[in-house]
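> Take a look at this one; I'll ask things after.
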Amino acid sequence: MPDFTIRASQGEYIRQIPQLDIGRTRRQQPESPVTEEERSKLRGLVGSLQYAVTHTRPDMAAKLGEIQSQITTASVQTLLTANRVLREAQEFDQVCVHYLPIPVHEITFVSFGDASFASSKTHHSHQGVVVCATDSRLGQNQEAPLSPLAWVSKKIPRVVRSTLSAEAYAMSKSVDTLGWLRALWGVVHVASFDWRRPEESYKLMNTALVVTDCKSLYDLVTRLAMPACEDHRTTLEVLLIKQRCSENAQFRWIPTTLQVADSLTKNMDPSLLRAILAQGRFRLFDTSESLAKDAQRRKAIEWLTQPSAIHPSLSETSHCSAEAAVQLLRGLEIEAEDPGGCADFFQ
């Protein structure tokens, strides 16, 4: 682009992925197990979509992951769901990733971590992580550029006993990914960066941000006293997060309304993530302001509906508007993440 923004898109590739051919007779038997030939075709479709999800389509990661987990026990209903996911990906084929021109001396990184606890329908908890490049304005509660660099959407590989345990595990993965990217950037761009002593070398870089929507996790990490959890594994995860945040990183809380990684943890409407990808910008707010009832939601709607002041070209070239995200924000029914957790003020 003229302002040196790099736009990564796989729209044409996604449009060329063929749907699974399911005959009328088979569609009338949704609970019937698939044949080996149908399973092979399902694997091909999943692999084709996985290539796009890995590189430019984080908005489809959770829905595709749900299908992947059903391949070995797939039924005709799984085939129908796979076609539906493909149609959604093709309907929003204009979704892309923007890598914005951030000056080298201003660049820093932000990590969003989230989790969904196991339910009666899905017996596994899931984690979602998005790590982005940004600048120091984000930490100052100003509108800042946001360029996704890495994202993760997968099952939590062990049993967790509570929502807090799931959130802590996901955030642990988030800070690890953030640390790896910061170390990589430091080795390449900071002359005196010593990868053998990253905890000291991180101080030579701009302060990074770690963002959660779980208020109880935020309180545990930011309190001065030793964290105490009923689950000792959770205590260890919290201690790890505290240690990583002491390495020139700031721990921040936002409500679920603005959690970038939320749609990577469950099968839900990813309109908010698509709007952020399209506009290439984000903003945090003071915690004191967020605690006022609906304050964060109103501000979210306000800046999502305004043209980007950072990179106007994104508003002109992107076809993924924010209207859907705004409707999502206005009508979203926030479910409490944990007792006394992060969504209480929306009640």
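The values are calculated or read from the model by the stated rules, or taken from the named source; none is laboratory data. Computed from a predicted structure; not experimentally measured. Positions of Cβ are backbone-derived with ideal geometry, glycine not excepted, and every protein chain shown enters the neighbour counts.
> Could you please tell me which pairs satisfy a Cβ distance under 9 Å, a separation of 6+ or placement on different chains, a first residue in the range 74-101 that is farther than 22 Å from Arg27 by Cα, and a second residue that is in a loop (DSSP other than H, G, I, E, B) and basic (Lys, Arg)?
Phe92/Arg57; Val95/Arg57; Cys96/Arg57; Val97/Arg57
> While we're looking at this one, here's another question. Considering (1) in contact with a Lys or Arg (Cβ under 9 Å, 6 or more places away or on another chain); (2) under 19 Å from Phe251 (Cβ atoms); (3) not polar (S, T, N, Q), say which one Glu167 fails and leave the rest.
(1)
> Name the one entry in Glu31, Glu37 that is outside the structural domain of Ser125 (by TED's automatic domain parsing), in contact with a strand residue (DSSP E or B) (Cβ under 8 Å, 6 or more places away or on another chain), at pLDDT below 95 and not small (Gly, Ala, Ser).
From the options Glu31, Glu37, the qualifying one is Glu31.
> Shifting gears a bit: Can you tell me how many residues in the range 52-92 are of a type in the set (Ser, Thr, Tyr), within 19 Å of Arg274 (Cα to Cα) and loosely packed, with under 15 Cβ neighbours inside 10 Å?
Matching residues across the range 52-92 total 1.
> Something else: When residues of the range 242-256 are filtered for being polar (S, T, N, Q) and within 12 Å of Cys214 (Cα to Cα), how many remain?
Residues meeting the conditions: 1.
> Oh, and also: In the range 194-295, which helices (runs of 4 or more DSSP H) lie fully inside it and hold 2 or more residues that are out of contact with any Asp or Glu (no Cβ under 7 Å at 6 or more places or on another chain) and at pLDDT 90 or above?
Counting at least 2 such residues, we get 215-222, 232-245.
> Anything in the range 37-83 that is among the basic types (Lys, Arg) and under 30 Å from Ser147 (Cβ atoms)? List them, or say none.
Of everything in the range 37-83, those that are among the basic types (Lys, Arg) and under 30 Å from Ser147 (Cβ atoms) turn out to be Arg57, Lys63.
> On the basis of being assigned by TED's automatic domain parsing to the domain that holds Leu277 and out of contact with any helix residue (DSSP H, G or I) (no Cβ under 9 Å at 6 or more places or on another chain), does Gly139 make the cut?
Yes, satisfied.
Residue by residue, here is whether (1) outside any helix (DSSP H, G or I); (2) in contact (Cβ under 8 Å) with a residue 40 or more places away in the chain; (3) under 13 Å from the mean Cα position of the chain (by Cα) holds:
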{"position": "Val131", "(1), (2), (3)": "yes, yes, yes"}
{"position": "Thr134", "(1), (2), (3)": "yes, yes, no"}
{"position": "Ala150", "(1), (2), (3)": "yes, no, yes"}
{"position": "Ser153", "(1), (2), (3)": "yes, yes, yes"}
{"position": "Arg161", "(1), (2), (3)": "yes, yes, no"}
{"position": "Leu164", "(1), (2), (3)": "no, yes, no"}
{"position": "Ala170", "(1), (2), (3)": "no, yes, yes"}
{"position": "Ser174", "(1), (2), (3)": "no, yes, yes"}
{"position": "Gly179", "(1), (2), (3)": "no, yes, no"}
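> Output the number of the condition that Phe109 fails; it satisfies all remaining conditions of (1) modelled with pLDDT under 95; (2) over 21 Å from Pro18 (Cβ atoms).
(1)
> Related question: Taking into account only those residues within the range 151-167 that are within 19 Å of Lys63 (Cβ to Cβ) and among the hydrophobic types (A, V, I, L, M, F, W, C), which is surrounded by the fewest Cβ atoms within 10 Å (Cβ to Cβ)?
Top of the filtered list is Val152.
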